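The values are calculated or read from the model by the stated rules, or taken from the named source; none is laboratory data. Quick caveat: nothing in here was measured; it's all calculated off a predicted structure. In this analysis, Cβ positions are derived from the backbone assuming ideal geometry, glycine residues included, and neighbour counts consider all displayed protein chains. Please note that ligands, DNA and RNA were not included when accessible areas were found on the heavy atoms of the full protein model with its side chains. Shrake-Rupley method; radii C 1.70, N 1.55, O 1.52, S 1.80 Å.
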Amino acid sequence: MARALPAILVLVLSACRAVGGGPTPTATPTASPTPAPAVVELRTVQDGCCFTEGAMSYATLEGPSPQREMALEDGVDRDFDINAPFVIGVRQVTVAPGHYELKVWQRPCDGNCGYLDPPVGTASEEFDVTGGEHLPILITFRLMDRATIQVGHRS
């Protein structure tokens, strides 16, 4: 029996390997691809004349990539033509795809822009943006009127 024991062990081990006695392979989980970001381009203009002491223009963007109280002026010095809308600023914001609400307003300067009056010309618009999209939006402010927001506007 002592001689038969090693032979029995070899047979048992061989049988175990043949039946799949090794470690069980596991499936590697595949990561879902991250959607490409989108770009929302906010082009802001003042149509007609403006506040005597000037105004500051602002926006917020609510959605998957929220943007809080952005100044819309871009600091670019442009020529003023009373017969054409004055470009306040062009700002590009990179966001995740999804549903958004854009809110805009102006705050007139009170003596100088270090002191601002309460918001005027407020407006809002909802829109959807998809991954990889470049979505232009035109924001138009008019003195003593609500702003208008045109989603998908090409200029």
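If you scan region 90-107, which residues turn out to be touching a residue at least 40 places away in the same chain (Cβ under 8 Å), part of a strand (DSSP E or B) and of a type outside the set (Ser, Thr, Tyr)? Give the steps one after another, and end with the answer.
First pass over region 90-107, keeping only residues touching a residue at least 40 places away in the same chain (Cβ under 8 Å): 90-97, 100-107.
Of the ones still in play, those that are also part of a strand (DSSP E or B) are 90-95, 100-107.
90, 91, 92, 93, 95, 101, 102, 103, 104, 105, 106, 107, listed by residue number.
Tell me which residues, restricted to region 138-155, are polar (S, T, N, Q), assigned to a strand (DSSP E or B) and within 17 Å of residue 91 (Cβ to Cβ).
Within region 138-155, the first condition is being polar (S, T, N, Q), and the residues that meet it are 140, 148, 150, 155.
In the following step, the residues that additionally are assigned to a strand (DSSP E or B) were identified as 140, 148, 150.
Answer for region 138-155, where residues must be polar (S, T, N, Q), assigned to a strand (DSSP E or B) and within 17 Å of residue 91 (Cβ to Cβ): 140, 150.
Restricting the search to region 122-141, which residues are on the phi < 0 side of the Ramachandran plot, in contact (Cβ under 8 Å) with a residue 40 or more places away in the chain and either small (Gly, Ala, Ser) or buried (at least 17 other Cβ atoms within 10 Å of the Cβ) (or both)?
We begin by selecting, within region 122-141, every residue on the phi < 0 side of the Ramachandran plot; these are 122-131, 133-141.
Now restrict to residues that are in contact (Cβ under 8 Å) with a residue 40 or more places away in the chain: 129-131, 133-141.
Within region 122-141, 129, 131, 135, 136, 137, 138, 139, 140, 141 qualify.
From (1) β-branched (Val, Ile, Thr); (2) farther than 19 Å from residue 37 by Cβ; (3) loosely packed, with under 14 Cβ neighbours inside 10 Å, pick out the condition that doesn't hold for residue 149.
If we test residue 149 against (1) β-branched (Val, Ile, Thr); (2) farther than 19 Å from residue 37 by Cβ; (3) loosely packed, with under 14 Cβ neighbours inside 10 Å, just (3) comes out false.
Quick one: count up the residues across region 108-137 that are of a type in the set (D, E, K, R), in a strand (DSSP E or B) and in contact with an Asp or Glu (Cβ under 8 Å, 6 or more places away or on another chain).
Restricting attention to region 108-137, the residues satisfying the condition of being of a type in the set (D, E, K, R) are 110, 117, 125-126, 128, 133.
Of the ones still in play, those that are also in a strand (DSSP E or B) are 110, 125-126, 128.
So of that shortlist, the ones also in contact with an Asp or Glu (Cβ under 8 Å, 6 or more places away or on another chain) come out as 110, 125-126.
Of the residues in that region, 3 qualify.
How many residues does region 108-121 hold that are open to solvent by 60 Å² or more (accessible area, probe 1.4 Å) and either within 30 Å of residue 37 (Cα to Cα) or out of contact with any Cys (no Cβ under 9 Å at 6 or more places or on another chain) (or both)?
Looking only at region 108-121, we keep the residues that are open to solvent by 60 Å² or more (accessible area, probe 1.4 Å), and these are 110, 112-115, 118-119.
Pick out the ones that are also either within 30 Å of residue 37 (Cα to Cα) or out of contact with any Cys (no Cβ under 9 Å at 6 or more places or on another chain) (or both) and you get 110, 112-114, 118-119.
Adding up the residues that qualify gives 6.
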